[in-house]
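Some notes on the structure that comes next.
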Amino acid sequence: MLNLTSTEYERLTGPIACEIVSNMHVNKRQVLVVKTEPPLAGIDYGRGFRAINYLLLIAKYKDAEIKNLNKFPIDVVVFIPDNLEEPLKIERKWSKMESIGWAELNENQ
């Protein structure tokens, strides 16, 4: 289990527990799809009363950090999936997707 924290974005202060759903290559970037506990409140991100259970994480600096997951902490950019029910269905470029902040991904101690 991993956790996500941010010192720059209040809604991502965390720690937010993350379970890895997929570690794949999309749009020329390595992306980690995680299920979060607790889910984020959709109302905070313009998604109404829907819970945001999944997040997409890409490495802020080096894709190998996300691909290998062998050196922590990893600085990541956090995205909300376009499709909240099917987070692995990624059809847009990263520049067109909704980024909600930067955070650090750490191993659960």
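The values are calculated or read from the model by the stated rules, or taken from the named source; none is laboratory data. Keep in mind the model is a prediction, meaning the values are calculated, not measured. A quick note on method: Cβ atoms are made from the backbone with ideal geometry, for glycine too, and the neighbour counts reach across all protein chains shown. Just so you know, the surface numbers come from the protein's heavy atoms only, side chains and all, with ligands and any DNA or RNA stripped out. Shrake-Rupley method; radii C 1.70, N 1.55, O 1.52, S 1.80 Å.
Considering the chain as a Gaussian network with a 10 Å cut-off on Cα pairs, which listed residue, 76, 34, 26, attains the greatest mean-square fluctuation?
26
Trypsin sites (Lys or Arg not before Pro), restricted to the range 27-109: which are DSSP loop and have at most 12 other Cβ atoms within 10 Å?
Qualifying residues, ordered by number: 28, 71, 89, 92, 93.
Excluding the sites themselves, what is the longest stretch of the chain that contains no GluC sites (Glu not before Pro) in a DSSP loop with at most 13 other C-beta atoms within 10 Å?
Answer - 9-84.
Straight-line reach from residue 62: which aspartates and glutamates have a Cα under 15 Å away, not including same-chain ones fewer than 8 places off?
The reachable aspartates and glutamates, counting only those whose Cα sits under 15 Å from residue 62, are 75, 104.
Given 25 °C and 0.890 mPa s, compute D for the range 29-109 with the Stokes-Einstein relation, Rh being the Kirkwood radius over Cα pairs; round to the nearest whole µm²/s.
186
Any idea how far apart residue 19 and residue 82 come out in nm if each label point goes 7 Å out from Cα toward Cβ?
The answer from the label model is 2.7 nm.
By how many nm would the segment from residue 107 to residue 29 lengthen if fully extended, with 0.36 nm per residue of separation less the alpha-carbon distance?
Net length gain for the segment: 25.9 nm.
Please work out the average accessible area per residue across the chain, using the 1.4 Å probe convention, and give it in Å².
59
Please turn the phi angles of the range 46-63 into ³J(HN,Hα) values with the Karplus equation 6.51 cos²θ - 1.76 cosθ + 1.60 (θ = phi - 60°), one per residue in order, whole Hz, x for glycine and proline.
Once θ is set to phi - 60°, the couplings for the range 46-63 become x, 10, x, 8, 7, 7, 9, 8, 10, 10, 10, 10, 10, 5, 5, 10, 10, 4 Hz.
Tell me the carbon and sulfur percent of the accessible area for the range 1-96, rounded to whole percent, probe radius 1.4 Å.
49
Can you list which of the chymotrypsin sites (Phe, Trp or Tyr not before Pro) found in the range 10-89 are DSSP loop residues with at most 13 other C-beta atoms within 10 Å?
Answer by residue number: 49, 61.
Go ahead and set up a Gaussian network model of the chain, Cα springs under 10 Å, then flag whichever of 53, 70, 23 fluctuates most.
Looking only at 53, 70, 23, the largest GNM fluctuation is found for 70.
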